[in-house]
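Following: one structure in structure tokens, then a few remarks.
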Amino acid sequence: MEILVEILLLIASYLLGSVPNALIISKVCKGIDIREYGSKNMGATNVLRVLGLKYGLIVFILDALKASVIIILFKVGIFSLDKYCHFPLLTYGLMAVIGHLFPIFANFKGGKGVACSAGIICSYAPLIAIPTLLAFLITVLITKYVSLSSIMAVTTALVFSFVTPLLMHQPFDWILIGVVIIIWFVFIFTHRENIKRLFKGEESKINLNKK
């Protein structure tokens, strides 16, 4: 019975990840299909560029929550890790990221997984999330490049997944380290065109003053 519940939770994680918040917000609030504007990407960054900072933040928060909700349910004791222990906790977050990248509700063409990954790290390892978010904010404020900021953030998360246990005199969480490595490669892959434009000096900057 426990394994069946966990499989259902994995499916639920994927379905939650598939919820196209960028598309929903753009249609409900502005009556447009975000996939037809800007970079045509269904992510918080494109919403920020097209609709402004307020809507970009709303989508970011919603995407972060959809990836972390199952993890949070375990953390607060709604589900017991002692009882439902066949899959590592972070597996549910990864399933949500897969749902975001390949959403069943949006023709399997989703975003780049930045907000979802942030939600996973914040809910699972808040001590690592702090320097990760700082790296993102500092880089985006200085450069205005969200793609570069995202890569800097996940690189910081990877570094601190090693540094934090050393500082806390705790054993390494190899599952966390493995997941962050997977996310790092996902970011490099999903931002491959952005990286090319960065090297060419052609990457678009965001306008944080746009409301």
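Bear in mind that the values in this text are calculations on the coordinates, not laboratory data. Keep in mind that this is a model prediction, so the values were computed, not measured. Positions of Cβ are generated from backbone atoms using ideal geometry, with glycine treated the same way; all protein chains shown enter the neighbour counts.
Assorted remarks:
- Within region 168-180, the set of residues being over 20 Å from PHE102 (Cβ atoms), surrounded by 10 or more Cβ atoms within 10 Å (Cβ to Cβ) and of a type in the set (A, V, I, L, M) comprises ILE175, LEU176, ILE177, VAL180.
- For region 1-38, filtered to residues that are part of a loop (DSSP other than H, G, I, E, B) and in contact (Cβ under 8 Å) with a residue 60 or more places away in the chain, the residue that is nearest to GLY111 (Cα to Cα) is PRO20.
- Residue in region 138-152 that is within 19 Å of SER68 (Cβ to Cβ) and surrounded by 24 or more Cβ atoms within 10 Å (Cβ to Cβ) present: yes
- One residue from LYS144, LYS196 being farther than 23 Å from ALA96 by Cβ and touching a Leu at 6+ places or on another chain (Cβ under 8 Å): LYS144
- The single residue among ILE151, ILE181 that is part of a helix (DSSP H, G or I), free of Cβ contacts under 8 Å to residues at least 60 places away in the same chain and in contact with a His (Cβ under 7 Å, 6 or more places away or on another chain) turns out to be ILE151.
- Count of region 94-128 residues which are assigned to a helix (DSSP H, G or I), more than 12 Å from the chain's Cα centre (by Cα) and free of Cβ contacts under 8 Å to residues at least 60 places away in the same chain: 4
- Search result, residues across region 181-200 that are under 22 Å from ILE120 (Cβ atoms) and crowded, with 16+ Cβ neighbours inside 10 Å: ILE183, TRP184, VAL186, PHE187, THR190, HIS191, ASN194
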